[in-house]
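The values are calculated or read from the model by the stated rules, or taken from the named source; none is laboratory data. Here the structure is a predicted model, which is why all the values come from computation and not from measurement. Here the Cβ is made from the backbone with ideal geometry for all residues, glycine too, and neighbour counts use every protein chain on show. Areas reflect the complete protein model, heavy atoms only, side chains present, ligands, DNA and RNA absent. Shrake-Rupley method; radii C 1.70, N 1.55, O 1.52, S 1.80 Å.
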Amino acid sequence: MKNIVVLVSGGGTNLQALIDAEKSGIIKGGRITCVISSNPSAYALERAKNNDIPTRVIPRREYSDSVSYSKAVLAALNEEKADLVVLAGFMTILDECVTNEYAYKIINVHPALIPSFCGEGYYGLKVHEAALAYGVKVSGATIHFVNEKADAGAIILQGVVDVQNGDTPEILQKRIMENVEWKLLPKAVSLFCQDRIEITDGRAYIK
């Protein structure tokens, strides 16, 4: 049984999707053993406590730079014996000291179809604003491994929704979360925990 540590910063809707998936048996071979938040007031911490999942808070503002913060997160991950790290609305880019030690063991969800509308500066509603401004007819979400570059790790799964006339960034965000993120993130976690993701030449393949 693999130890899943989830990193959060906000409301924790993706965390809730993972919790629900674990309870319903969708996630096989792993369990959420700890939730770590960069924000002491994140509602995601309440979601964890309501489901008897241990929590830790490592406030980003208490660290002077990304490297010192990342070292604190790395120490916590090692203490928790993390087999898989899931970034679920985690608003801090981790230094390569973490991504190197946990290579192909950190999963993130990005609310667009990488390589579109991704990279530094593309997060939250900004992603959907950019997609709508460009006039795309479909959008979606990407579940990918995390490396030292923002949104540049190997893609595990992608899912698509139609963009509809009159969509606002908020409406599109909700459609993508409900139809793609909350379904594919637990699926990717389960695939990892069952050792069904294979890396070849830097690309992820499902066995």
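Brief remarks follow.
- Unmet criterion (only one of (1) within 14 Å of Val180 (Cβ to Cβ); (2) surrounded by 15 or more Cβ atoms within 10 Å (Cβ to Cβ)) for Val160: (2)
- Qualifying positions in the stretch 11-46 - in contact with a strand residue (DSSP E or B) (Cβ under 9 Å, 6 or more places away or on another chain), outside any strand (DSSP E or B), among the small types (Gly, Ala, Ser) and under 15 Å from Leu87 (Cα atoms): Gly12, Ser38, Ala42, Ala44
- Ser37 being on the phi < 0 side of the Ramachandran plot, crowded, with 17+ Cβ neighbours inside 10 Å and at pLDDT 95 or above: yes
- Of all the listed residues (His144, His128), the sole one being within 23 Å of Val8 (Cβ to Cβ) and under 15 Å from the mean Cα position of the chain (by Cα) is His144.
- The numbered conditions (1) of a type outside the set (D, E, K, R); (2) on the phi > 0 side of the Ramachandran plot; (3) in a helix (DSSP H, G or I) are all true for Val189 except (2).
- Count of residues meeting criterion [open to solvent by less than 30 Å² (accessible area, probe 1.4 Å) and either more than 11 Å from the chain's Cα centre (by Cα) or within 15 Å of Asn50 (Cβ to Cβ) (or both)] in the stretch 11-22: 6
- Members of the stretch 125-142 that are open to solvent by less than 90 Å² (accessible area, probe 1.4 Å) and touching a residue at least 12 places away in the same chain (Cβ under 8 Å): Leu125, Val127, His128, Ala130, Ala131, Leu132, Val136, Val138, Ser139, Gly140, Ala141, Thr142
- Selection count, the stretch 74-102, where residues are of a type in the set (S, T, N, Q), open to solvent by 40 Å² or more (accessible area, probe 1.4 Å) and touching a strand residue (DSSP E or B) at 6+ places or on another chain (Cβ under 9 Å): 0
- The sole residue among Gly25, Gly29 that is open to solvent by less than 40 Å² (accessible area, probe 1.4 Å), free of Cβ contacts under 8 Å to residues at least 40 places away in the same chain and more than 17 Å from the chain's Cα centre (by Cα) is Gly25.
- Tyr63 meets the conditions (1) crowded, with 16+ Cβ neighbours inside 10 Å; (2) in contact (Cβ under 8 Å) with a residue 24 or more places away in the chain in every case but one. The failed one is (2).
- Here Lys105 meets the list (1) in contact with a strand residue (DSSP E or B) (Cβ under 7 Å, 6 or more places away or on another chain); (2) closer than 25 Å to Asn39 by Cα; (3) open to solvent by less than 40 Å² (accessible area, probe 1.4 Å) almost entirely, failing just condition (3).
- Taking the stretch 167-176 as the range and being touching a residue at least 60 places away in the same chain (Cβ under 8 Å) and either open to solvent by 40 Å² or more (accessible area, probe 1.4 Å) or not in a helix (DSSP H, G or I) (or both) as the test, only Gln173 passes.
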